[in-house]
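K.L.:
The following block contains the structure, expressed as structure tokens.
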Amino acid sequence: VNHYWFDLNRDWLPLVHPESKARIDFYHQWMPNMVTDFHEMGTNSTYFFEPTKPYGSENPLVPRSNYDGLNNMMAKYFSKALDDIGSLYFTKEVYDNSYPGYGSTYPDIHGGLGIVFEQASSRGHLQQSLTKQVEFRFTIRNHLRSSLATVQGTVNERVTFLRHQREFFTSSLSSANTDPIKAYLFGEANDKTRLNTFIDLLLRHKIQIYKNPQSASINGQSFQGGQSYIVPTGQKQYRMAKSIFEKVKSFHDSVFYDASAWSMALAYGIPHSELRSTRFQMGDAVTSVENQSPSFKEAPYAYVLRWSDLNAPKALTHLFNSGLYVHAAQKPFSVNTNGARKDYGSGSLLIAVADQEMAVNQVHQAVREASIHSGLQFDGVSTGTSVSGIDLGSRNFRVIKKPKALMIVGEGIYLYEAGEIWHLLDTRVGLPITKVDKIDLPNVKLSDYTTVVLVNGNYSDIQNSWVEELKAWIKAGGTLITQKSATAWAIKQELGTAEIREKKKEDDTETPRLDYVTSRDYRGAKRIGGSIYEIDLDITHPIGYGYTSRKIPIYRNSTLFLEPSNNEFSTVGLYTSNPWVSGFVSKENRELIANSAAIVVSGNGRGRTIMFTDNTNFRGTWLGTSKLFLNALFFGDLISEP
């Protein structure tokens, strides 16, 4: 993993990290014909090289000439190199070629060939396998032999590689011509930062974007002319554009090594629509991201800021650090600002100029700095009387406090998910989070923290005395945030009240008799390896602040299902009756997900437990749902269970 505990071999598509951005920039300068990706696997394995599992693990957007031609052609070189030294190996059984975000798959969708090698690991110097000791020099030898075979094969077959790359991009244009989808239209009127981040992602992948000059309304979504964009499919990067926008539901296989859905448009929560007619106009080409340069004008009475932008938590943290008191609106309102009426949703921030413990000029300066730091426009108002909705002195403006968060890490805690939260707060918000190993929990003074975060993992070895201390801390006003298996553990420990939905068994259903060899595929189909669903979000609840649409996509890779809360107001997120959007899921799991709870809040004394069934920060790229977690963090103490 890197500094933030991410596996960068999943980041070739999302490009969350600077390491990946630099790699992709260089990749597109070079456009290699061959890319090799060397890894280690369990000590008791042997050696793996491609081809991977035919059809089931292959990306349907990649031409068959990649898998049937180049892959099999190079496999002959690898097998000879390892046969010569007597090394055992295997092919075609496992690993995944479908997700386009690996080092071994990104080249496939750019006219090259990506190959993954997996070596039984010595885990440093020496390990005992089932048959012999595996030495470090042995593992290096196998990778070195494969490397030399790669060089030899690529040079020998250079004509084939060059022809493949040329035909790849030619076929991209011909495939686009026959594709019924002629373009993708997208825009985001309420979150300029998230929109610009998405545009930057497209540009880094060399996808052509054009401004949309005409306003349009498609499938209930409105796209404003001049403020929305068009990605035509008829371009060299046709296959990458499809990968980022399309929703896939049809698969050759039911077992996935990794994610089965990866739409970046859904991950970013960007409203978008397919255009199936050629009757659309394209404006100027977009070649760079527009800088956000907010203006600033001193306000005599107060400043207000919408919570809908991705950078709003970053602005709030800066305000906290400046020593300002900040209120959050619990109901919508409208005010006159700069001579025009402007509407503000729940969660919008209010900074009253006179209601501070600092001089007025210092208040202005602090807000100005927050605006520059976040790139967001703070609107000034001269009166506490609203045009509509609550006035600025209403009880429905609640003071919010800077959260002090603790996250449990250590043995048995899922490293990636902890790293995703750390990365989110460190790089996008600027808010520190304390990470404490499980074994050190007896030394933690919970009263020093407002929030405790539990990610997916095993908490069964935590001492009962600390669990009781955690219960008392919640009752005293603390906020516990859990996700996935941590949610199930919290329910079992009575830290939060919710009911786990179990698979329904019919009394007269007979257990099927199946062949032993099919067990892996049978069990694998019952997993949710990573797919996308729709939830209905209560946007009047603090967890839903900043969202303007109740229907949002969410990523799921767990089989934890919750029943809706017995309290009518506590099921903040509910999977819709037909929630499946993209990726593989079995019929049985689809039925379990439908109308189940995605987010439940459980009150306990003056505190609360906020339970997520999913990871809203998956791989640092689900910017469309990361606000759910941030709302739990920033607005947790505003929540009481009605």
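The values are calculated or read from the model by the stated rules, or taken from the named source; none is laboratory data. Here the structure is a predicted model, which is why all the values come from computation and not from measurement. Please note: Cβ atoms are built from the backbone with ideal geometry, for glycine as well, and neighbour counts cover all protein chains shown. Only protein heavy atoms, including side chains, enter the accessible area calculation; ligands, DNA and RNA are left aside. Shrake-Rupley method; radii C 1.70, N 1.55, O 1.52, S 1.80 Å.
K.L.:
Which members of segment 401-438 meet the condition of being open to solvent by 40 Å² or more (accessible area, probe 1.4 Å) and in a strand (DSSP E or B)?
P.N.:
If the condition is that a residue be open to solvent by 40 Å² or more (accessible area, probe 1.4 Å) and in a strand (DSSP E or B), then Thr434, Lys435, Asp437 are the ones that fit.
K.L.:
Another question about this same structure. So which of Leu406, Leu349 ends up being touching a strand residue (DSSP E or B) at 6+ places or on another chain (Cβ under 7 Å) and over 22 Å from Gly546 (Cα atoms)?
P.N.:
Going through Leu406, Leu349 in turn, just one is touching a strand residue (DSSP E or B) at 6+ places or on another chain (Cβ under 7 Å) and over 22 Å from Gly546 (Cα atoms): Leu406.
K.L.:
So which of Glu469, Glu499 is closer than 21 Å to Pro403 by Cα and open to solvent by 40 Å² or more (accessible area, probe 1.4 Å)? Before you say what the answer is, go through the steps one by one.
P.N.:
On the way: Glu499 fails: closer than 21 Å to Pro403 by Cα.
Sole residue among the options that is closer than 21 Å to Pro403 by Cα and open to solvent by 40 Å² or more (accessible area, probe 1.4 Å): Glu469.
K.L.:
For a quick check of your reading of the model, give me the residue pairs whose first member lies in segment 351-370 and is in contact (Cβ under 8 Å) with a residue 60 or more places away in the chain, whose second is open to solvent by less than 20 Å² (accessible area, probe 1.4 Å) and part of a loop (DSSP other than H, G, I, E, B), with beta-carbon atoms closer than 9 Å and at least 6 apart or on different chains.
P.N.:
Final answer for the pair search is His364/Ala299; His364/Val353; Val367/Ala299; Val367/Leu324; Val367/Val353; Val367/Phe378; Arg368/Phe378.
K.L.:
Among the residues of segment 395-417, count how many are closer than 23 Å to Asp637 by Cβ and touching a residue at least 60 places away in the same chain (Cβ under 8 Å).
P.N.:
The qualifying residues number 9.
K.L.:
I've got another one for you. Hey, which of the strands (runs of 3 or more DSSP E) in segment 272-359, taking only ones fully inside, have at least 2 residues that are open to solvent by 50 Å² or more (accessible area, probe 1.4 Å)?
P.N.:
By residue number, 340-344.
K.L.:
Note down all Cβ pairs under 6 Å where the first residue falls in segment 134-155 and is over 15 Å from Glu118 (Cα atoms) and of a type in the set (Gly, Ala, Ser), the second is assigned to a strand (DSSP E or B) and open to solvent by less than 10 Å² (accessible area, probe 1.4 Å), and they're at least six residues apart or on different chains.
P.N.:
Cβ pairs passing all conditions: none.
K.L.:
Just checking, which of Ser20, Ser45 is modelled with pLDDT of 95 or more, surrounded by 15 or more Cβ atoms within 10 Å (Cβ to Cβ) and either in contact with an Asp or Glu (Cβ under 9 Å, 6 or more places away or on another chain) or assigned to a helix (DSSP H, G or I) (or both)?
P.N.:
Ser20
K.L.:
If you take the residues of segment 136-165 that are out of contact with any helix residue (DSSP H, G or I) (no Cβ under 9 Å at 6 or more places or on another chain) and farther than 17 Å from Val35 by Cα, which of them is surrounded by the most Cβ atoms within 10 Å (Cβ to Cβ)?
P.N.:
Once the filter is applied, the top-ranked residue is Thr139.
K.L.:
Related question: Residues being touching a Phe, Trp or Tyr at 6+ places or on another chain (Cβ under 9 Å), among the polar types (S, T, N, Q) and open to solvent by 10 Å² or more (accessible area, probe 1.4 Å): count how many of those fall in segment 172-189.
P.N.:
Residues in segment 172-189 being touching a Phe, Trp or Tyr at 6+ places or on another chain (Cβ under 9 Å), among the polar types (S, T, N, Q) and open to solvent by 10 Å² or more (accessible area, probe 1.4 Å): 1 in total.
K.L.:
Evaluate the following for Asn631: is it surrounded by 22 or more Cβ atoms within 10 Å (Cβ to Cβ) and in contact with a strand residue (DSSP E or B) (Cβ under 6 Å, 6 or more places away or on another chain)?
P.N.:
So Asn631 fails the test.
K.L.:
When you check Gly220 against the structure, is it out of contact with any helix residue (DSSP H, G or I) (no Cβ under 9 Å at 6 or more places or on another chain), small (Gly, Ala, Ser) and open to solvent by 70 Å² or more (accessible area, probe 1.4 Å), yes or no?
P.N.:
Yes, satisfied.
K.L.:
I want to confirm something. Restricting to segment 25-42 and keeping residues that are in contact with a helix residue (DSSP H, G or I) (Cβ under 6 Å, 6 or more places away or on another chain) and not in a loop (DSSP other than H, G, I, E, B), which single residue is most open to solvent (accessible area, probe 1.4 Å)?
P.N.:
Filtering segment 25-42 for residues in contact with a helix residue (DSSP H, G or I) (Cβ under 6 Å, 6 or more places away or on another chain) gives 33-36, 38.
Narrowing further to those that are not in a loop (DSSP other than H, G, I, E, B): 34-36, 38.
Working: Met34: 33, Val35: 26, Thr36: 52, Phe38: 75 Å².
The residue in question is Phe38.
K.L.:
Among the residues of segment 198-211, is any surrounded by fewer than 21 Cβ atoms within 10 Å (Cβ to Cβ), hydroxyl-bearing (Ser, Thr, Tyr) and within 25 Å of His28 (Cα to Cα)?
P.N.:
yes
K.L.:
For Val367, work out the one condition from (1) surrounded by 21 or more Cβ atoms within 10 Å (Cβ to Cβ); (2) under 27 Å from Asp11 (Cβ atoms); (3) among the aliphatic types (A, V, I, L, M) it doesn't fulfil.
P.N.:
(2)
K.L.:
For Ala315, indicate whether it is within 14 Å of Gln377 (Cβ to Cβ) and modelled with pLDDT of 95 or more.
P.N.:
Criteria met by Ala315.
K.L.:
Name the single residue that is most open to solvent (accessible area, probe 1.4 Å) among those in segment 543-566 being under 22 Å from Gly496 (Cα atoms) and out of contact with any helix residue (DSSP H, G or I) (no Cβ under 9 Å at 6 or more places or on another chain).
P.N.:
Asn566
K.L.:
Before we move on, is Gly114 open to solvent by less than 30 Å² (accessible area, probe 1.4 Å) and modelled with pLDDT of 95 or more?
P.N.:
Numbers: open to solvent by less than 30 Å² (accessible area, probe 1.4 Å): yes; modelled with pLDDT of 95 or more: yes.
For Gly114, the condition - open to solvent by less than 30 Å² (accessible area, probe 1.4 Å) and modelled with pLDDT of 95 or more - is met.
K.L.:
Moving on to the next point. Go through the residues of segment 182-203 one by one and say whether even a single one is modelled with pLDDT of 95 or more, closer than 21 Å to Asp108 by Cα and of a type outside the set (A, V, I, L, M, F, W, C).
P.N.:
no
K.L.:
Give the residues of segment 612-627 that are of a type outside the set (Gly, Ala, Ser) and either free of Cβ contacts under 8 Å to residues at least 40 places away in the same chain or within 18 Å of Ser263 (Cβ to Cβ) (or both), sorted by residue number.
P.N.:
Residues of segment 612-627 of a type outside the set (Gly, Ala, Ser): 612-619, 621-623, 625, 627.
Passing the criteria: Asp614, Asn615, Thr616, Asn617, Phe618, Arg619, Thr621, Trp622, Leu623, Thr625.
K.L.:
Is it the case, given these coordinates, that Lys236 is surrounded by 16 or more Cβ atoms within 10 Å (Cβ to Cβ) and under 24 Å from Trp622 (Cβ atoms)?
P.N.:
Criteria not met by Lys236.
K.L.:
Go through (1) closer than 30 Å to Lys247 by Cα; (2) surrounded by fewer than 20 Cβ atoms within 10 Å (Cβ to Cβ); (3) free of Cβ contacts under 8 Å to residues at least 40 places away in the same chain for Ser65 and report which single condition fails.
P.N.:
(3) is the only condition that Ser65 fails.
K.L.:
A further question follows. Given the options Lys92, Lys53, Lys80, name the one that is in contact (Cβ under 8 Å) with a residue 40 or more places away in the chain, open to solvent by 40 Å² or more (accessible area, probe 1.4 Å) and under 20 Å from Asn9 (Cβ atoms).
P.N.:
Lys53 is the lone residue from the list that is in contact (Cβ under 8 Å) with a residue 40 or more places away in the chain, open to solvent by 40 Å² or more (accessible area, probe 1.4 Å) and under 20 Å from Asn9 (Cβ atoms).
K.L.:
Do the conditions hold for Arg619, that is, is it at pLDDT 95 or above, of a type in the set (Lys, Arg) and in a strand (DSSP E or B)? Quick ask: steps written out before the conclusion?
P.N.:
Details: at pLDDT 95 or above: yes; of a type in the set (Lys, Arg): yes; in a strand (DSSP E or B): no.
No, not satisfied.
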